[in-house]
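Trainee: Encoded as structure tokens, here's the structure I'll be asking about.
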Amino acid sequence: MLALEHGEPLDEAVYCEVMFDKTISGEVPEHRDFIYHTAIPKLERMGVKVRVLCAEKTYVDLFTGTVTRGPKKGMLRAFPICGKCYVQRDCKIKPICRYQKSLPADTVQYIGIAHDEPKRLSRLKDQQVSLLAKYKFTEEDAKQLCQTAGLLSPVYAFTDRGGCWFCPNAKRKELRHLYDNHPELWAKMLELQAMPGKVSEKFNRTERFSDIDAAFRKEDALCQKAA
């Protein structure tokens, strides 16, 4: 939107979709619906070409992959480590980098990092530009811009961040939303938790996914009792 408003060069918008498995998206269902039924059509009506990328590997492929060397050889790689997410690396960054290599060497990549995110801005590489920073848009400014244009994802009704629904960095309210509204996806994670031979049983830094499930069940039971 800033590119269009200020006449910045813009060839296309690129979106890389992470997949849970071959048929289920890694996007929270409400966000995926927004992307395909609201965001992409609206951008295309604005004259912006949208390119969708997807990795060959899925979260389940990576989860069930086995360690090939070292003391844990033969064990399932299991849950990604917080801060060192192999899902982001293999399912998002690699497809984007592969696509970039097919483009001219002087292609500029617009990155959505806000003016008030100096640490992230300092990590931008050559040929990467933040229009939010150039036009001094903070995170809140960006949110308001999207909201005014009818392009604010519905996930911001229950969280202040976006991310895969199986992300180990997911906040409690995000997990609670998944538990309450998408039991079929919640069950998929419990199935993975139950698989034997994993490198680690921890979903995040401190808990197994089954621990979180038990905590939510206890919360529900206490609420029912109080009612």
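The values are calculated or read from the model by the stated rules, or taken from the named source; none is laboratory data. From a predicted model like this one, the values you see are computed outputs, not experimental measurements. Cβ sites come from the backbone with ideal geometry, for glycine too, and all protein chains shown count toward neighbours. Accessible surface areas use protein heavy atoms only, side chains included; no ligands, DNA or RNA. Shrake-Rupley method; radii C 1.70, N 1.55, O 1.52, S 1.80 Å.
Trainee: Can you pull out the residues in region 140-162 that are in a loop (DSSP other than H, G, I, E, B), open to solvent by 40 Å² or more (accessible area, probe 1.4 Å) and small (Gly, Ala, Ser)?
Mentor: Narrowing region 140-162 to residues in a loop (DSSP other than H, G, I, E, B): 149-153, 158-162.
If we keep only those that are open to solvent by 40 Å² or more (accessible area, probe 1.4 Å) too, we end up with 152, 158, 160-162.
The one that is in a loop (DSSP other than H, G, I, E, B), open to solvent by 40 Å² or more (accessible area, probe 1.4 Å) and small (Gly, Ala, Ser): 162.
Trainee: Could you please find all residues in region 116-139 being open to solvent by 80 Å² or more (accessible area, probe 1.4 Å) and part of a loop (DSSP other than H, G, I, E, B)?
Mentor: Those that are open to solvent by 80 Å² or more (accessible area, probe 1.4 Å) and part of a loop (DSSP other than H, G, I, E, B): 122, 123, 125, 126, 127, 136.
Trainee: Filter region 92-110 down to the residues that are among the hydroxyl-bearing types (Ser, Thr, Tyr), touching a strand residue (DSSP E or B) at 6+ places or on another chain (Cβ under 9 Å) and open to solvent by 50 Å² or more (accessible area, probe 1.4 Å) and list them by number. Before the answer, list the steps.
Mentor: So in region 92-110, the residues among the hydroxyl-bearing types (Ser, Thr, Tyr) come out as 99, 102, 107, 110.
From what's left, touching a strand residue (DSSP E or B) at 6+ places or on another chain (Cβ under 9 Å): 99, 110.
110, the sole residue that qualifies.
Trainee: Further, regarding this structure: Within region 77-115, take every residue that is assigned to a loop (DSSP other than H, G, I, E, B) and within 30 Å of residue 195 (Cα to Cα) and give me the one that is modelled with the lowest pLDDT. Step through it out loud before you land on a result.
Mentor: Taking region 77-115 and keeping what is assigned to a loop (DSSP other than H, G, I, E, B), we get 77-80, 82-83, 85, 102-108, 111-115.
Narrowing further to those that are within 30 Å of residue 195 (Cα to Cα): 77-80, 82-83, 85.
On the way: 77: 95, 78: 95, 79: 95, 80: 91, 82: 78, 83: 74, 85: 85.
Among those that are assigned to a loop (DSSP other than H, G, I, E, B) and within 30 Å of residue 195 (Cα to Cα), it is 83.
Trainee: So is residue 49 modelled with pLDDT under 95 and out of contact with any helix residue (DSSP H, G or I) (no Cβ under 7 Å at 6 or more places or on another chain) or not? I'd like the intermediate steps shown before the answer.
Mentor: Details: modelled with pLDDT under 95: no; out of contact with any helix residue (DSSP H, G or I) (no Cβ under 7 Å at 6 or more places or on another chain): yes.
Criteria not met by residue 49.
Trainee: Go through region 208-227 and report how many residues are under 27 Å from residue 77 (Cβ atoms) and at pLDDT below 95. Before the answer, list the steps.
Mentor: Residues of region 208-227 that are under 27 Å from residue 77 (Cβ atoms), as a first pass: 208-216.
Subset that is at pLDDT below 95: none.
Adding up the residues that qualify gives 0.
Trainee: Just give me the residues in region 183-227 being part of a loop (DSSP other than H, G, I, E, B), touching a helix residue (DSSP H, G or I) at 6+ places or on another chain (Cβ under 7 Å) and open to solvent by 30 Å² or more (accessible area, probe 1.4 Å), in sequence order. Can you show your working first?
Mentor: From region 183-227, those part of a loop (DSSP other than H, G, I, E, B) are 194-197, 199-208, 227; that's our starting set.
Right, trim to touching a helix residue (DSSP H, G or I) at 6+ places or on another chain (Cβ under 7 Å) and you get 203, 208.
208 - this is the single residue of region 183-227 that is part of a loop (DSSP other than H, G, I, E, B), touching a helix residue (DSSP H, G or I) at 6+ places or on another chain (Cβ under 7 Å) and open to solvent by 30 Å² or more (accessible area, probe 1.4 Å).
Trainee: Which of the residues that make up region 19-49 are among the hydrophobic types (A, V, I, L, M, F, W, C), within 21 Å of residue 96 (Cα to Cα) and under 18 Å from the mean Cα position of the chain (by Cα)? Give the derivation first.
Mentor: We begin by selecting, within region 19-49, every residue among the hydrophobic types (A, V, I, L, M, F, W, C); these are 19-20, 24, 28, 34-35, 39-40, 43, 46, 48.
Applying the additional criterion that residues be within 21 Å of residue 96 (Cα to Cα) yields 19-20, 24, 28, 35, 39-40, 43, 48.
Correct list: 19, 20, 24, 28, 35, 39, 40.
Trainee: Consider residue 113 carefully, then state whether it is open to solvent by less than 60 Å² (accessible area, probe 1.4 Å), under 19 Å from the mean Cα position of the chain (by Cα) and farther than 30 Å from residue 206 by Cβ. Give the steps one after another, and end with the answer.
Mentor: Details: open to solvent by less than 60 Å² (accessible area, probe 1.4 Å): yes; under 19 Å from the mean Cα position of the chain (by Cα): yes; farther than 30 Å from residue 206 by Cβ: no.
In short, no.
Trainee: Are there any pairs, at least 6 apart or on different chains, whose C-beta atoms fall under 8 Å, with the first in region 82-103 and under 17 Å from residue 126 (Cα atoms) and the second open to solvent by 40 Å² or more (accessible area, probe 1.4 Å) and of a type in the set (S, T, N, Q), and if so, which?
Mentor: 100/107; 100/109
Trainee: Test each condition in (1) surrounded by fewer than 17 Cβ atoms within 10 Å (Cβ to Cβ); (2) modelled with pLDDT of 95 or more for residue 177 and report the one that comes out false.
Mentor: Only one criterion in (1) surrounded by fewer than 17 Cβ atoms within 10 Å (Cβ to Cβ); (2) modelled with pLDDT of 95 or more is unmet by residue 177, namely (1).
Trainee: Would you confirm whether or not region 78-91 contains a residue that is open to solvent by 70 Å² or more (accessible area, probe 1.4 Å) and over 25 Å from residue 132 (Cβ atoms)?
Mentor: For region 78-91, residues open to solvent by 70 Å² or more (accessible area, probe 1.4 Å) and over 25 Å from residue 132 (Cβ atoms): present.
Trainee: Spot the failing condition for residue 62; the list is (1) at pLDDT 95 or above; (2) part of a helix (DSSP H, G or I); (3) farther than 14 Å from residue 166 by Cα, and only one is missed.
Mentor: (3)
Trainee: Could I ask something else about it? Within region 22-32, can you find the residues that are open to solvent by 30 Å² or more (accessible area, probe 1.4 Å) and without any contact (Cβ under 8 Å) to a residue 40 or more places away in the chain?
Mentor: Correct list: 22, 23, 32.
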